[in-house]
Amino acid sequence: MDDAAAPLREMWYYAFPSAKLKPGRTLARVYLGEPVLFGRDADGTPFALRDICPHRGMPLAAGRFDGHEIECCYHGWRFDSAGRCTAIPALVPGQSFSPGRVAIRSYPTREMQGNIWVFFGDDPSTAPAIPEIEGFDDASPRLVESVAFRASIDHAVVGLMDPAHGPFVHLAWWWRSHRSIHAKAKAFAPSSWGFTMVRHRPSANSRAYRLLGGAPETEIVFCLPSIRLEHIRAGRHAVYNLTAITPIDDETSEINHCIYWTSPWLSALKPLLRPYVRKFLHQDRAIMERQQQGLRWDPPLMLIDDADTQAKWYYRLKREYRRARAENRPFENPVKPRILKWRS
Ligand code: FES
Ligand SMILES: [Fe+2]
């Protein structure tokens, strides 16, 4: 994978819903091609360490965690949740090697609104903030679906924001059919680390929105590295769809879709909602996995105006993020306000 296609560093990435990490437990994952061991200590604080023992490479996930320290299963070296080595059982009193000289890489970790995020880079203070779901304080998502599929981060992001595949990929009786394809015109504006599809009334063929009651209005924000936040407002109620893509390695990505809502109607409909969300994501997975069969031959690809303009912006934003950091200057958003028109 060349540098341009590699995932951005100095970024927060979505890991998983908070509920997956119980106090005193660990969870092993691979993100951005690195083995990461997540843990939650006895008082509830999450942490993340490189999942490799610095002694002889044993995965720490195979060891024991007592809620404070992880003990490697091979020679019993112990590490605290910051990655500092606290004990080497094989040492004899008086030997000069000190455990304090050994440390494992630790990843900044943050728990926010029911999700765990992990930072890949050196300095979170200069990176884009984790997007916040306004008005939901520390509420957790009511529904989370995660799907891993074979697609690099770029293809996953571009596939996610692509407005033109809906009528062909997301066919369903309850949503729409080929025949419902319409001309669309949407206003876009730059926003922090990305761009926003300005608040508007969704088109009449988005039947599912009517379930919310009232006349819905929606705003969709994309921000680096790979986050989409859709805010639907209908009367007194709000629904937020947070979609975050995390690269697993060069060829695999994971889409995490979190839904927050206030509407009691949606709570009542939740058992029906989950299969729909799942079906939607699996349609994306199926199409992107099929695309891999063609990408294997490394064909030249096209991005057309206006349907693929968001994809072009994504590549430009990513390039600018890297350049601004390399040149040690402020990020300059390359997106200009524009109306995009397409049929979908
Ligand atoms: S490999 Fe971990 S203690 Fe030896
Ligand atoms: Fe899709």
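The values are calculated or read from the model by the stated rules, or taken from the named source; none is laboratory data. Quick caveat, the model's predicted, so the values are computed rather than measured. To get the accessible areas, we keep the full protein, side chains included, count just its heavy atoms, and leave off ligands, DNA and RNA. Shrake-Rupley method; radii C 1.70, N 1.55, O 1.52, S 1.80 Å.
Probe 1.4 Å, all protein chains in place: accessible area of Glu111 in Å², nearest 10?
Approximately 80 Å² of Glu111 is accessible to the 1.4 Å probe.
When all protein chains stay in place, what accessible area (Å², nearest 10, 1.4 Å probe) is found for Lys336?
Estimated to the nearest 10 Å², Lys336 gives 130 Å².
Return the single residue from Glu71, Glu332, Glu230 with maximal mean-square fluctuation; model: Gaussian network over the chain, springs between Cα atoms under 10 Å.
Between Glu71, Glu332, Glu230, it is Glu332 that shows the largest mean-square fluctuation.
State the percent of C-alpha pairs, over all pairs in the chain, separated by a distance greater than 31 angstrom.
40 percent
Let me cross-check Arg142: its accessible surface, 1.4 Å probe, with only protein heavy atoms counted, in Å² to the nearest 10?
100 Å²
Taking the chain as a Gaussian network, Cα atoms linked when under 10 Å apart, which of Met11, Met302, Met197 shows the biggest mean-square fluctuation?
In the Gaussian network model the winner is Met302.
Ratio of Rg to Rh for segment 51-147, alpha carbon only, Kirkwood?
Over the Cα atoms of segment 51-147, Rg/Rh equals 1.11.
Kindly report the accessible area of the chain per residue (heavy atoms of protein chains, probe 1.4 Å, no ligands, DNA or RNA), in Å².
Value returned for the chain: 50 Å² of accessible area per residue.
Rank Ile104, Ile304, Ile181 by mean-square fluctuation in a GNM of the chain with C-alpha springs under 10 angstrom and give only the top-ranked residue.
Ile304
Could you tell me what percent of the accessible area of segment 11-126 is made up of carbon and sulfur, with a 1.4 Å probe and every protein chain present?
C and S atoms contribute 51 percent here.
At 15 Å minimum axial length over the Cα atoms and a Kyte-Doolittle cut of -1.0, report the qualifying DSSP H helices in the chain, or say none.
For the chain, where a helix must reach 15 Å along its axis and average at least -1.0, the hits are 264-295.
Relative contact order of the chain: what whole-number percent is it, with Cα pairs under 8 angstrom and at least 6 residues apart?
With pairs under 8 Å counted, the relative contact order is 19 percent.
With the contact rule set at Cα under 8 Å and sequence spacing of 6 or more, what percent relative contact order holds for segment 143-343?
Over segment 143-343, the number comes to 31 percent.
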